[in-house]
Each structure stands twice: as structure tokens, then as C-alpha cells.
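Right, one structure below, let's go through it.
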Amino acid sequence: MNVAIVKYNAGNIYSVVNALRRMGIEPLLTDDAEQLKKADRVLFPGQGEARGAMEYLKARRLDEVIRDLRQPVFGICVGQQLLCRHSEEGDVDCIGIFDAEVKRFQPERHEDKVPCMGWNQLYDTRSPLMEGIEDSYVYFVHSYYVPLCEETIATADYILPYSASMHKDNFYACQFHPEKSGKVGERILKNFMEI
């Protein structure tokens, strides 16, 4: 299977590369539009800041390339946020697959720390991406979240319930890091490869 990872100025890409290699998949790390269009699966991971990431993507017209992909696409962490319509982080318009606005966590109590960092439980899971995942724990690191919406396929709670994972058409996404979530994360990556 030909698997491509979108190469852009967001961190954490190599941990995804290593997770796929552990599964016996050698991904292509590329920002070349034709390579991305030809891939059987495209992963769009990232850690970082939304405005800077969108500026990089737009300068190379990768936002348009990603929007037009027809094979299964998997946004991870900032990748999920960039697939939304708009982000409060840098007040930037994003790719717009999901009609949702990314919001910053607002602490309500002293113990509410931002960023949210650590293991958290998924619930209300649905979609082939979440097959076998109900009530499992996965690893999160984020200060921004996507509110619950029509495209939510898994929910997590931190200060409030939010979209831990999303799905629309050929686009799948998760706010957590499957590549850092042990056997559960590996199962999610495997599910994506089998969609």
C-alpha cells in the first residue's frame, strides 16, 4: 500500500513515520501534490500553531491539494484542527472540511490546566476508524479543541466534552496522538489502513 504523510512545518511527523514502520508500512514523507494525489492513504499529522501551519500550506497550495483528495485522509492533532473551518489559534481560516470552529480551552477551576496533557478516555465511538476502541484511553497534548458536532465519531472530556475524533466523507481525524497511544493507537492506525 502506498501511504503518504503530508510534509509541512508542523512537529511530530517522525513519531507517525516510526509508528507506521512498526506496522510494516514504509510511508513517503512529501509536500509534492502529485505524490499526495497518487497515494492510497494520506496522513496529515502535526503539532504546532494553526496560523503558521496554514500560512505554510497556503503558500504551497497544499490546502487546496488536501481539500481535493479523494482517498482516505487522516488528520492527527493539529491536522484535525486544520481540517476545520476556522481556528481561534491565530484567528485563521483553515481547510474547511469540517464545518466547525476550533476553540481554546477556558479553565473553569484551579485544577484545569492548559494545555490538556496526558491519557484520556474515549466514549460514544462510532465509524470504522473507531472499531474496537470504545472506552479506551489515548494520549492527548493540546490547548485547542473542536466542539461536539455532526462529524464527531468519538468524544473525550476535559473541562467540557469535545470531539476527540471526526469523520466526513473520505476525511478522518483525531485530536489525540495514535502514534503515542500504544496498542489502542496502533489499532486505530490499522483501522484507517483497512478503510
Query raised in the report: To the nearest 20 debye, what charge dipole does the chain have about its Cα centre, counting +1 at the Cβ of each Lys and Arg and -1 at the Cβ of each Asp and Glu?
Result: 560 debye
Report summary line: Between ASN18 and GLU108, the FRET efficiency computed from the C-beta separation at R0 = 30 Å comes out, to the nearest 0.05, as 0.25
Report summary line: Non-local residues with an amide H under 5 Å from the amide H of SER163, with H modelled 1.01 Å from N and Pro and chain starts lacking one, are VAL146, LEU148
**Report entry** Gain on full stretching of the segment that runs from ASN2 to GLU26 - 0.36 nm per residue minus C-alpha separation
**Finding:** 7.8 nm
Query raised in the report: Could you give me the ³J(HN,Hα) list for region 157-164, computed from phi with Karplus coefficients 6.51, -1.76, 1.60 and θ = phi - 60°, whole Hz, x at Gly and Pro?
Result: 10, 8, 6, 8, x, 8, 6, 7
Requested in this report: Sort out for me the Cα centre separation of region 129-162 from region 1-75, rounded to whole Å.
Outcome: 21 Å
Query raised in the report: For the chain, with the dipole built from +1 on Lys and Arg beta-carbon atoms and -1 on Asp and Glu ones, taken about the Cα centre, which of TYR158, GLN35, PRO147 lies farthest toward the positive end?
Result: GLN35
Report task. Along Cα→Cβ, 7 Å out, is where each label goes; now give me the distance between the ones at ASP157 and GLU88 in nm to one decimal. Result -> 2.1 nm
Query - P(r), alpha carbons of the chain - 10 Å bins starting at zero, rounded % - result: 10, 41, 38, 10, 1
Requested in this report: Tell me what the chain gives for mean residue ellipticity at 222 nm when only DSSP H runs of n ≥ 4 count, each as -39,500 (n - 2.57), the sum divided by the residue total, rounded to 500 deg cm²/dmol.
Outcome: -7000 deg cm²/dmol
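Computed from the coordinates by the stated procedures, all read-outs in this text should not be read as laboratory data. A quick note: this is a predicted structure, and the numbers were derived from the prediction, not measured. Because the Cβ atoms are built from the backbone with ideal geometry, glycine has one as well, and the counts that use them run over all protein chains shown.
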